[in-house]
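Visitor: Here you go, one structure.
The values are calculated or read from the model by the stated rules, or taken from the named source; none is laboratory data. The model shown is predicted, which means the values in this text are computed figures rather than measured ones. We place every Cβ from the backbone using ideal geometry, glycine too, and count neighbours over all the protein chains shown.
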Amino acid sequence: MAREGIQTWDQIHKQLNEATEYIHSQTDFKPTIGIILGTGLGSLVDGIEMAGTVDYDKIPHFPVSTVESHAGRLLFGYLKGKPVVCMQGRFHYYEGYSFQQIAFPVRVMKKLGMETMIVSNAAGGMNPNFRAGDIMVIKDHINFFPGNPLIGPNDDTWGDRFPDMYEVYNCGYVTLARDVALKQNLRLQEGVYVGLTGPCLETSAEYRMLRGFGADAVGMSTVPEVITAHHQHNKILGFSIITDMGLADNMHPCSLEDVIGTASATEPKLRDLIAGCVEGM
Ligand code: HPA
């Protein structure tokens, strides 16, 4: 028996089939790389040779983004000659979606052919060596969400009941990102991302605690999608744009405009970095 509100895999497969059938009726594109674009990063798709788009609100069972800075469509095309699908707009727990709803698009991308997932987000920096406008390659994460997309029945043909969390963020890809950043003369930070619900930013005491737990950056996304992708055996590369600093002993007010402004200003650098990494994959 599934707990109320948690779907069985029969239901999940049925919904995945209906969603992918609709997408296949719109495009026969076969992406191997899925890219999730975070807050203020929607125009990362410049540089993609477009092959088609499908709006989220047309796809059966797909959640619809409520955040204004997110476009809400799947974009198919070639990046450096590789077939990619981009999620322009993602789903956050703070919007009211369940973890299974957040997982759904990641599972759809797997059905479409995704082998590698690249994920980006806007995050608050807690490592004092960081500054706003830095890019951090994610080496590991801490799940501070009050749940997990894998809670509920498991389909052993889709993924393990108890996935081990060894090298969730592919080490080869971290090395690749380092090499590409060096070639592009880009200062690339590395670190641990902690994901929690939001929508409040953190208090000074919370920043101190999270830093003490070993996190370098904090945000409200990424962890549920990454757990979902890891469960289904995707290789993962993740980046955070450090949009503001959360230093417990040096707090400043931080507005959404600041976050989006810094994300947009840093976007061209992240776009080139992602393009370089895709080229090297
Ligand atoms: N916390 C703090 N600062 C941030 C966040 C967050 O979750 N996201 C972007 N900047």
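Visitor: Whether any residue in the stretch 121-137 is within 17 Å of the chain's Cα centre (by Cα) and acidic (Asp, Glu) is what I want to check.
Guide: Checked against the condition, which is being within 17 Å of the chain's Cα centre (by Cα) and acidic (Asp, Glu), the stretch 121-137 yields no hits at all.
Visitor: Can you pull out the helices (runs of 4 or more DSSP H) entirely within the stretch 171-256 that have at least 2 residues that are more than 9 Å from the ligand (Cβ to nearest atom) and either charged (D, E, K, R) or touching a Cys at 6+ places or on another chain (Cβ under 8 Å) (or both)?
Guide: Output list reads 171-183, 204-212.
Visitor: Further question: Here are some residues: 260, 274. Which one is within 16 Å of the ligand (Cβ to nearest atom) and aliphatic (A, V, I, L, M)?
Guide: Matching residue, one of 260, 274: 260.
Visitor: Out of 106, 84, report the one residue that is over 19 Å from residue 177 (Cα atoms) and outside any loop (DSSP other than H, G, I, E, B).
Guide: Going through 106, 84 in turn, the sole match is 106.
Residues checked against (1) surrounded by 14 or more Cβ atoms within 10 Å (Cβ to Cβ); (2) more than 20 Å from the chain's Cα centre (by Cα); (3) among the β-branched types (Val, Ile, Thr):
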{"position": "152", "(1), (2), (3)": "yes, yes, no"}
{"position": "160", "(1), (2), (3)": "no, yes, no"}
{"position": "166", "(1), (2), (3)": "no, no, no"}
{"position": "170", "(1), (2), (3)": "yes, no, no"}
{"position": "175", "(1), (2), (3)": "no, no, yes"}
{"position": "186", "(1), (2), (3)": "yes, yes, no"}
{"position": "213", "(1), (2), (3)": "no, yes, no"}
{"position": "228", "(1), (2), (3)": "yes, no, yes"}
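Visitor: What are the residues in the stretch 110-137 that are away from the ligand (no atom under 16 Å from the Cβ), over 17 Å from residue 168 (Cβ atoms) and either in a helix (DSSP H, G or I) or of a type outside the set (Gly, Ala, Ser) (or both), if any?
Guide: Listed by number, the residues that qualify are 111, 112, 129.
Visitor: Here are some residues: 69, 65. Which one is at pLDDT below 90 and away from the ligand (no atom under 16 Å from the Cβ)?
Guide: 65
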